[in-house]
Amino acid sequence: MSDDEKKKLIVKEIESWRRTKLLPEQYCDFLQNLYLDDLANRPKSFAGEAVRKIGQATSKQWLLVFGIFALICLIVFYFSAFPLPLQIGLVAVASAGLTAGGVRWREKLPYRCFLLLGSGMLLMIGGGAAILQLHGWTTGAGPLLLLIVCALSWIVCGVALRFGMMQWCGWMAVVVLYAWLLARQISDPSWIQVQAFWLPAAFLFFWLSWFVSVKIRSTGTVLFATALVLWFMPEVYSALYGVDSQWIQIEIVAKIAIAGICLYKWKKQWMEWVA
């Protein structure tokens, strides 16, 4: 190992001491100054690296960033003045653009990928809710249609792009939509009815997770996670709408025990199509 490589190794070790607080900040600076010939080569924190990149940006990049920021501000400020088709188009195009950005950075920068995908999904449902609010559609079928559009978009994009988290958010939107419809249609269900509303769906998703995992492993995992949520949804629904709520704690403990026993007993089977 050459002297330069040894210096780099020592500098990295000192930087790890700084991050883990093994040595005070001033001691780390002193040790780094001993081994660094050029102080510009000193490792920088996340904020320091961001500042360095900002300082290296060209005038065109500065204009582009501030121009995009100004455009976003104008759109937000005058969003209510736009006609309905333009409002829907802006939300759809922006959501699609963020999703496309997530796809682009999927391999190189996974954190940026998830940030863009999450922003796109939040923009879709948040922008849709804003449109409903502006046009007074929050009390009718508008929220249901918004949930349907978001759920279908996330599930289809998640399956097509093999993004498990996006699929799971779509299925969670379906679960919320199903619970909402049940609450509107059946005002005072019994305990056995609540169980009958949710448990068959849980078993169906368990079976689908096995059936689909043969071709699309990520979708099988998502369906398995959704089935686990549906398994406990009767208790969640009962707690939200006050259906025999005095036994909810016992029911949850019993279902946790049943799920734990079943998952342990058949772990070799379900791990094959989930892992």
Residue-by-residue Karplus 3J(HN,Hα) for the range 253-261, coefficients 6.51, -1.76, 1.60, Hz, glycine and proline x: 4, 5, 5, 4, 5, 4, 5, x, 5
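What do you reckon, how do L152, L117 stack up by accessible area (1.4 Å probe), largest on top?
Details: L152 105, L117 10 Å².
Ranked list, largest accessible area first: L152, L117.
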Once amide H atoms are placed 1.01 Å from N in the peptide plane, what residues at a sequence separation of 5 or more from V243, or on another chain, have their amide H within under 5 Å of its amide H? none
Would the range 204-275 count as rounded, prolate or oblate if I go by the C-alpha gyration tensor, calling it rounded below 1.5 in a/c and otherwise prolate when a/b exceeds b/c, oblate otherwise? oblate
Excluding ligands, DNA and RNA, the carbon-plus-sulfur percentage of the accessible area of the chain with a 1.4 Å probe reads 71 percent
With only Lys, Arg, Asp and Glu charged, each at its Cβ (+1 for the first two, -1 for the last two), find how big the charge dipole of the chain is about the Cα centre; round to the nearest 20 debye. 620 debye
Tell me the label-point distance for the pair V176, A100, using the 7 Å Cα-to-Cβ offset, in nm and rounded to one decimal. 2.7 nm
Can you give the Rg to Rh ratio for the range 178-229, taking only C-alpha atoms and Rh from Kirkwood? 1.13
If one builds a Gaussian network model of the chain from Cα atoms under 10 Å apart, the most fluctuating residue listed among G118, G89, G170 is G89
Specify the inter-centroid distance of the range 104-170 and the range 177-219, based on alpha-carbon positions, in whole Å. 21 Å
When the Karplus curve 6.51 cos²θ - 1.76 cosθ + 1.60 is applied with θ = phi - 60°, which whole-Hz ³J(HN,Hα) does each residue of the range 207-222 get, with x for Gly and Pro? 5, 5, 4, 6, 5, 7, 5, 4, 9, 10, 5, 5, 5, x, 5, 5
Please work out whether the range 93-246 counts as rounded, prolate or oblate from its C-alpha gyration tensor, where a ≥ b ≥ c are the square roots of the eigenvalues and a/c under 1.5 means rounded, while otherwise a/b larger than b/c means prolate and anything else oblate? oblate
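Magnitude of the Cβ-charge dipole of the range 155-255, K/R +1 and D/E -1, about the Cα centre, nearest 20 debye? Display every interim value, and only then the final one.
Numbers: 5 positive and 4 negative charges, 108 e Å.
Magnitude of the dipole: close to 520 debye.
Using only the Cα atoms of the chain, build the gyration tensor, take square roots of its eigenvalues as a ≥ b ≥ c, and label the shape rounded, prolate or oblate: rounded if a/c is under 1.5, else prolate if a/b is larger than b/c, else oblate.
Working: a/c = 2.48, a/b = 1.46, b/c = 1.70.
In terms of gyration-tensor shape, oblate.
The values are calculated or read from the model by the stated rules, or taken from the named source; none is laboratory data. Every value quoted in this text rests on a predicted model; they were computed, and no experiment measured them. Cβ: placed from backbone, ideal geometry, glycine included. Neighbour counts: every protein chain shown. We work out accessible area using only protein heavy atoms, side chains counted, and drop any ligands, DNA or RNA first. Shrake-Rupley method; radii C 1.70, N 1.55, O 1.52, S 1.80 Å.
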